[in-house]
Amino acid sequence: MGFRGSHILSITQFERAEIEHIFSVADRMEPYAHRQRASKVLDGAILGNMFFEPSTRTRVSFGCAFNLLGGEVRETTGIKNSAIAKGESLYDTARVLSGYSDAIVMRHPESGSVAEFAAASRVPVINGGDGANEHPTQALLDLYTIKKELLSHDRTVDGLRIAMIGDLKYGRTVHSLCKLLSLYDNIKLVLISPKELQMPAEVVENLREAGHEVVVSDQLEENIQHLDIVYSTRIQEERFSSPEEADLYRGRFRLNQTIYTKYCEPNTVIMHPLPRDSRVAANELDNDLNENPNLAIFRQTDNGVLVRMALFALVLDVVDLVDKYSHDVRWYAGGRF
Ligand code: NCD
């Protein structure tokens, strides 16, 4: 695919070389994300950031990424605050909003909704999560993080050994990540979930067809040994018919420092798309892991800005102009990165 003017709707639209290209552009965004330089390359451009489901990091990091390239962000959050609540169609909303914006990011509770919106949009649309279907930019930032973490242990994505834990039925991040990993070679995936919340069969089939080893289990401890990555997820309670139904699965798989020390290899990297559910009944990733140097969850969130900057630079075709329209930062910006 060419990036210029393209929608980013599903991870399946990319080939491996394109993924590597996104990552090399993301690397070039580091001085800007780390506040060593500021760029004005998108000066005058407007992002329509439309989130019709709860979001903290996806919404804010997309907004920051656009701001860090010099653009402005206009936000619409919550269906009840938009004319969709008055019965307006996605088609009409897309025709209208794409007249006001140069790019649009959209999150919506229905699978396929972002693609439907994009079909009517006059500007590039990026999928910020459509129901239980996909979350392609999360998969990109997850893989970007995995690559960086593995590099520091002299390993590559080819040959990766990863466990995905939790709600694999409704978790869109793991759906997209599995599809993305199928582009690589010789992966071992251990899919740990309650039987009722297993990874969709077609995702597993695609992985097996691509030659990867897939183990499906409902047991945690015995399956998190000899891995590079454990990727924990939250029970997606908003997809269940009632909170009581979600209660049946909450807290079923908990990773804490004691379990990690007992079962995981010393350098196993711990990931989670966040938010982790830190309520006592859930607590899938315990706070006692916070000082564990292999906990990569906040490196994931930082990397999300780099990857999202790269995507904007690519679809708006300014990659080679980012440095030209840049200057030193004037404020104290040290300490964070
Ligand atoms: C995820 C999502 O919204 O799919 N969050 C995120 O974007 N990082 C995961 C979740 O909500 O559990």
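The values are calculated or read from the model by the stated rules, or taken from the named source; none is laboratory data. Just so we're clear, the structure is a prediction, and the values are computed from it rather than from any experiment. When we count neighbours, we look across all protein chains shown, and the Cβ atoms used for this are built from the backbone with ideal geometry, even at glycine. Protein only, heavy atoms only, side chains kept; ligands, DNA and RNA dropped before computing areas. Shrake-Rupley method; radii C 1.70, N 1.55, O 1.52, S 1.80 Å.
What number, rounded to the nearest 500 deg cm²/dmol, is the helix-based mean residue ellipticity at 222 nm of the chain, given -39500 (n - 2.57) per DSSP H run of at least four residues and division by all its residues? Kindly include the intermediate steps, with their values, before the conclusion.
On the way: 11 runs with 114 residues, N = 337.
Mean residue ellipticity at 222 nm (helix-derived): -10000 deg cm²/dmol.
Using a basic spin-label model with each label point 7 Å from the Cα along Cα→Cβ, how many nm lie between ALA17 and HIS153?
Here the modelled spin labels are 3.1 nm apart.
What is the Cα convex hull volume of segment 136-298 when expressed per residue in Å³?
Values: hull volume 16.9 nm³, N = 163.
Taking only Cα atoms, segment 136-298 has a hull volume of 103 Å³ per residue.
Consider all pairwise Cα distances in segment 260-337 and report the whole-number % of them above 22 Å. Walk me through the numbers before you get to the answer.
Values: 1487 of 3003 pairs.
Across segment 260-337, Cα pairs with separations above 22 Å total 50 percent.
Size of the dipole of the chain about the Cα centre, Lys and Arg at +1 and Asp and Glu at -1 on the beta carbon, nothing else charged, in debye to 20?
Numbers: 37 positive and 47 negative charges, 175 e Å.
Charge dipole, the chain, about its Cα centre: 840 debye, nearest 20.
On the accessible surface of segment 136-298, probed at 1.4 Å, how many percent belong to carbon and sulfur atoms?
On the way: 3230 of 6870 Å².
Carbon and sulfur together cover 47 percent of it.
Quick one: Karplus J couplings for segment 84-99, per residue in order, coefficients 6.51, -1.76, 1.60, θ = phi - 60°, nearest Hz, x for Gly and Pro?
Here the 3J(HN,Hα) series is 4, 5, 9, x, 5, 7, 4, 4, 5, 4, 5, 4, 6, 5, 6, x Hz.
Measure out, as a whole number of angstrom, how far apart the alpha-carbon centroids of segment 125-178 and segment 180-241 sit.
About 11 Å separates the Cα centre of segment 125-178 from the one of segment 180-241.
In Å and on Cα atoms, what radius of gyration and Dmax does the chain show?
19.8, 56
Grab the beta carbon distance between HIS226 and ARG35, set R0 = 41 Å, and tell me the FRET efficiency rounded to 0.05.
Values: r = 39 Å, r/R0 = 0.96.
Using R0 = 41 Å, I get an efficiency of 0.55.
Below 11 angstrom from the Cβ of GLU284, what's the summed charge of the other residues (Lys, Arg +1; Asp, Glu -1)? Each step should come with its number before you reach the end.
Working: positive: ARG234, ARG250, ARG252, ARG254, ARG276, ARG279; negative: ASP167, ASP277, ASP286.
In short, +3.
Quick one: compute the contact order of the chain, relative version, from alpha carbon pairs under 8 angstrom and 6+ residues apart, as a percent. Before the final figure, lay out the partial values.
Details: 656 pairs, mean separation 71.7, N = 337.
Relative contact order here is 21 percent.
Among THR233, THR261, LEU180, flag the residue with its Cα farthest along the positive direction of the charge dipole of segment 157-267, charges on Cβ as +1 for Lys/Arg and -1 for Asp/Glu.
THR261
In the chain, with Lys and Arg counted as +1 and Asp and Glu as -1 at Cβ, which of these residues, PHE51, PRO293, PHE337, has the Cα nearest the positive end of the dipole, that is, farthest along it?
Toward the positive end, the furthest listed residue is PHE337.
Please report, to one decimal in angstroms, the Kirkwood hydrodynamic radius of segment 1-114 built from all distinct Cα-Cα pairs. It would help to have the intermediate numbers written out before the result.
Values: mean 1/r = 0.0638 Å⁻¹.
One over the average 1/r among Cα pairs gives 15.7 Å for segment 1-114.
Helix 57-68 versus the longest principal axis of the chain: what angle, 0 to 90°, nearest 10, using Cα atoms?
So the helix axis and the longest Cα principal axis differ by about 40 degrees.
With every protein chain kept in place and ligands, DNA and RNA left out, what is the accessible area per residue of the chain? Probe 1.4 Å, answer in Å². Write out the running numbers ahead of the final one.
Numbers: 14710 Å² over 337 residues.
With the other protein chains kept in place, the chain gives 44 Å² per residue.
Just subtract the alpha-carbon distance of ARG4 and ARG336 from 0.36 nm times their residue separation and send over the number in nm, one decimal.
Values: separation 332, 0.36 × 332 = 119.52 nm, distance 3.24 nm.
Taking ARG4 through ARG336 to full extension adds about 116.3 nm, to one decimal.
For segment 136-298, calculate the relative contact order in percent as a whole number, restricting contacts to Cα pairs under 8 Å that are 6 or more residues apart.
Working: 290 pairs, mean separation 36.0, N = 163.
It rounds to 22 percent for segment 136-298.
Rank ARG299, ARG276, ARG16 by mean-square fluctuation in a GNM of the chain with C-alpha springs under 10 angstrom and give only the top-ranked residue.
Among ARG299, ARG276, ARG16, the largest mean-square fluctuation in the Gaussian network model of the chain belongs to ARG16.
Projecting each Cα onto the charge dipole of the chain (Lys/Arg +1, Asp/Glu -1 at the beta carbon, about the Cα centre), which of HIS327, SER101, ILE270 comes out farthest on the positive side?
HIS327
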